[in-house]
Amino acid sequence: MKCPYCSHLMDKVVDSREAKEGHVIRRRRECLSCHKRFTSYERIEEIPYMVVKKDGRREAFSREKLMGGLMRAVEKRPVPLTRLEAIVDEIEGLVQESPDREIETRVIGERVMERLRELDKVAYVRFASVYRQFDDVDEFMNELRRLMERK
């Protein structure tokens with residue numbers, strides 16, 4: 001660590017403690033040349049998990065965005081929040097297990113639809129209608145028929 005006063009490269013750590021709820025370590029240092037003290041902060045460099053969109057764009061994975069979509073799908077339905085959190089946890093686990101730290105939205109969407117199909121049929125249809133972007137009523141009806149055949 002370079003001393004901000006004299007630019008000497010050698011110092012000693014006088015004190016270390018956690019800061020910002022354990023996400024940062026604050027260190028008090030003393031320059032071995034000029035003996036002045038200064039503070040440094042260390043934090044883990046986080047590489048974001050990425051989602052690959054249908055058009056090839058990449059954006060950071062967002063638990064909040066996924067939870068928002070699920071909340072809209074189950075609006076006014078008897079679905080406990082804990083079940084939605086379990087789905088989001090499962091999807092986040094998929095992204096974290098990906099060797100490239102990224103996952104296609106198709107994989108996320110299909111997994112979410114599987115879980116919603118098991119959880120609540122109405123929520124499933126709501127989510128599928130947005131995710132699959134049904135262009136007309138026929139596509140929507142075909143999806144409903146497939147859902148009814150699986151009963």
- What is the order of TYR124, TYR5, TYR49, fewest Cβ neighbours within 10 Å to most? TYR5, TYR49, TYR124
- Specify the inter-centroid distance of the range 1-72 and the range 112-126, based on alpha-carbon positions, in whole Å. 39 Å
- Scanning the chain for helices, which whole DSSP H stretches are 20 Å or more long along the axis (Cα) and average -1.0 or more by Kyte-Doolittle? 81-97, 105-119
- Which option, (i) 11.4; (ii) 9.2; (iii) 13.5, is the value of mean projected area of the Cα convex hull in nm² that was calculated from these coordinates? (iii)
- Message: Counting other C-beta atoms within 10 Å, and keeping those with at most 10, which DSSP coil trypsin sites (Lys or Arg not before Pro) do you find in the range 1-110?
- Response: LYS20, LYS54, ARG57, LYS76
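Could you list LEU32, LEU119 so that the one with the fewest beta carbons within 10 Å of its beta carbon is first and the one with the most is last?
Working: LEU32 12, LEU119 19.
Listing LEU32, LEU119 from fewest to most nearby Cβ atoms yields LEU32, LEU119.
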- In the chain, lysine pairs 8 or more places apart or on different chains with C-alpha atoms under 15 Å apart total 6
- Message: Let's see if you can work this out: charge +1 on each Lys and Arg Cβ, -1 on each Asp and Glu Cβ, no other charges. What is the dipole magnitude of the chain about its Cα centre, in debye to the nearest 20?
- Response: 600 debye
- Query: Between VAL14, VAL130, VAL95, which gets the highest mean-square fluctuation from a Gaussian network model of the chain, Cα cutoff 10 Å?
  - Reply: VAL14
- Per-residue ellipticity at 222 nm for the chain, helices alone: DSSP H runs ≥ 4 residues times -39500 (n - 2.57), over residue total, nearest 500 deg cm²/dmol? -14000 deg cm²/dmol
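Every read-out reported here was derived from the displayed coordinates using simple, explicitly stated rules and does not represent laboratory data. Source: prediction; values computed, not measured. We place every Cβ from the backbone using ideal geometry, glycine too, and count neighbours over all the protein chains shown.
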